[in-house]
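The values are calculated or read from the model by the stated rules, or taken from the named source; none is laboratory data. No experiment lies behind these values; they were computed from the predicted model shown. We place every Cβ from the backbone using ideal geometry, glycine too, and count neighbours over all the protein chains shown. Areas reflect the complete protein model, heavy atoms only, side chains present, ligands, DNA and RNA absent. Shrake-Rupley method; radii C 1.70, N 1.55, O 1.52, S 1.80 Å.
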Amino acid sequence: MRQDQLHSLLAVLADGQYHSGQELGELLGVSRTAVWKHLQKLAELNVKLDSSPGRGYRLPGGLELLDADTITALLPSTGVPLSLEVVPLVDSTNSRLMAGAGQLPTGAVCIAEQQSGGRGRRGRGWVSPFARNLYFSVLWRFDGGAAELEGLSLAVGVCIAEALESFGITGLALKWPNDVLAESKKLAGILLEMSGDPSGACHLVVGVGINVAMPPAAAADIDQPWIDAASLTRAQGLEPVSRNKLCASVLTKLAGLLQHYPEQGFAHWRERWMRRAAFLGEPVRLVTATQETQGSLLGVSDSGALRLATSSGEQLMYGGEVSLRAGS
Ligand code: BTN
């Protein structure tokens, strides 16, 4: 089945109005049988369709598809050196940019409507149903290796939180190192991957997943407490968030972060992270593969390390496979 035809079909149905099978076939230049097969495919993607004899098919409430031109037009006209591609389906936007890291320009962005193998931290998956959430990655080259990127993933969390707040959403929190939470549930996740020389010229891929309007059927596969922007805007009496606008807002902030991070470092972002820190002053447990440390959360250092007040004094935790849970 051709992905471009499926996408064109969705682009027509996105207006939420009825379209007859004949009209859809003519618009796409395919037979009515082919249209019907595409409509079946949409049902498999959990895209809910109404059909009515004599009127045709419609997507109730319509659908906002992601569009590279729309997003690009929302970026500031200067100082944001990004080149966007929107794909209907990819295994993982991070994998796609990691695979192309040697050839693609710095600032390449891959945005997907759906991921068949979305990846999270610590080997987890990232549930990525079609056309409801945001999944995108940005490729950036750095000359100074991993050392100049210390704390960067925390700053990405600040960018996402500030972008969501620009739509009026309140009550967001950042859980070290880089989960974006609301009501203590996960709203967005960040996956940073690097290739090249860890002490010199390297490629960084920043992957961002934001739950915008998670369909209940897909949510059954999520293995942790989660929340989406749609339930927050409903509860807070706000307009639903446009995925194109939210994507543009996060990308604008990310471009600024990536461009200036080597000079600014995490110190520039620390105060904005601290303002939203989850569990501040509360008892927490830091769990690694080999040890568990209990203490009270003091915040983060200028390099993004976690500061924990323990019975043997203050301890600094630097990245790694650490998970943070509320203590008893
Ligand atoms: C986490 O576990 O919190 C990180 C989730 C990161 C998910 C995003 S979605 C876009 C990009 N592509 C992926 O495969 N993962 C990241």
Point to revise | Search result, residues across the stretch 1-40 that are among the hydroxyl-bearing types (Ser, Thr, Tyr) and open to solvent by less than 70 Å² (accessible area, probe 1.4 Å) | key: SER8, TYR18, SER20, SER31
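Looking at ALA218, ALA235, can you tell me which residue is modelled with pLDDT under 95 and at negative phi? Quick ask: steps written out before the conclusion?
Numbers: ALA235 fails: modelled with pLDDT under 95.
One residue alone meets the criteria, ALA218.
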Revision key, fill the gap. Among the residues of the stretch 81-117, the number that are at pLDDT 95 or above, open to solvent by 10 Å² or more (accessible area, probe 1.4 Å), within 11 Å of the ligand (Cβ to nearest atom) and among the small types (Gly, Ala, Ser) is 2
Point to revise | Residue, least open to solvent (accessible area, probe 1.4 Å), within the stretch 137-181, restricted to residues that are more than 15 Å from the ligand (Cβ to nearest atom) and of a type in the set (D, E, K, R) | key: GLU162
Revision key, fill the gap. Filtering the stretch 1-38 for residues that are among the charged types (D, E, K, R) and outside any helix (DSSP H, G or I) leaves a count of 2
Revision key, fill the gap. Over the stretch 219-237, the set of residues open to solvent by 10 Å² or more (accessible area, probe 1.4 Å) and small (Gly, Ala, Ser) is ALA219, ALA220, ALA230, SER231, ALA235, GLY237
Revision key, fill the gap. Of PRO76, PRO53, the only residue that is more than 16 Å from the ligand (Cβ to nearest atom), open to solvent by 20 Å² or more (accessible area, probe 1.4 Å), outside the structural domain of HIS19 (by TED's automatic domain parsing) and farther than 13 Å from PHE130 by Cα is PRO76
Practice item. State which residue pairs qualify: first residue away from the ligand (no atom under 16 Å from the Cβ) and inside the stretch 188-199, second residue open to solvent by 20 Å² or more (accessible area, probe 1.4 Å) and not charged (D, E, K, R) in any location, beta carbons under 7 Å apart, and separation of 6 or more residues or different chains. Key: GLY196/HIS203; PRO198/ALA146
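Out of contact with any Ser or Thr (no Cβ under 7 Å at 6 or more places or on another chain) and open to solvent by less than 10 Å² (accessible area, probe 1.4 Å): is that true of LEU258 in this structure?
yes
Within the stretch 118-136, how many residues are small (Gly, Ala, Ser), open to solvent by less than 40 Å² (accessible area, probe 1.4 Å) and within 10 Å of the ligand (Cβ to nearest atom)? Full working, then the answer.
As a first pass, look at the stretch 118-136 and keep what is small (Gly, Ala, Ser): 118, 120, 123, 125, 128, 131.
Remaining after also requiring open to solvent by less than 40 Å² (accessible area, probe 1.4 Å): 118, 120, 128, 131.
Restricting the remaining residues to those that are within 10 Å of the ligand (Cβ to nearest atom) gives 118, 120, 128.
Total satisfying the criteria: 3.
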Check your understanding: Which one of the conditions (1) open to solvent by 20 Å² or more (accessible area, probe 1.4 Å); (2) touching a strand residue (DSSP E or B) at 6+ places or on another chain (Cβ under 7 Å); (3) not basic (Lys, Arg) does SER199 fail to meet, given that it meets all the rest?
Key -> (2)
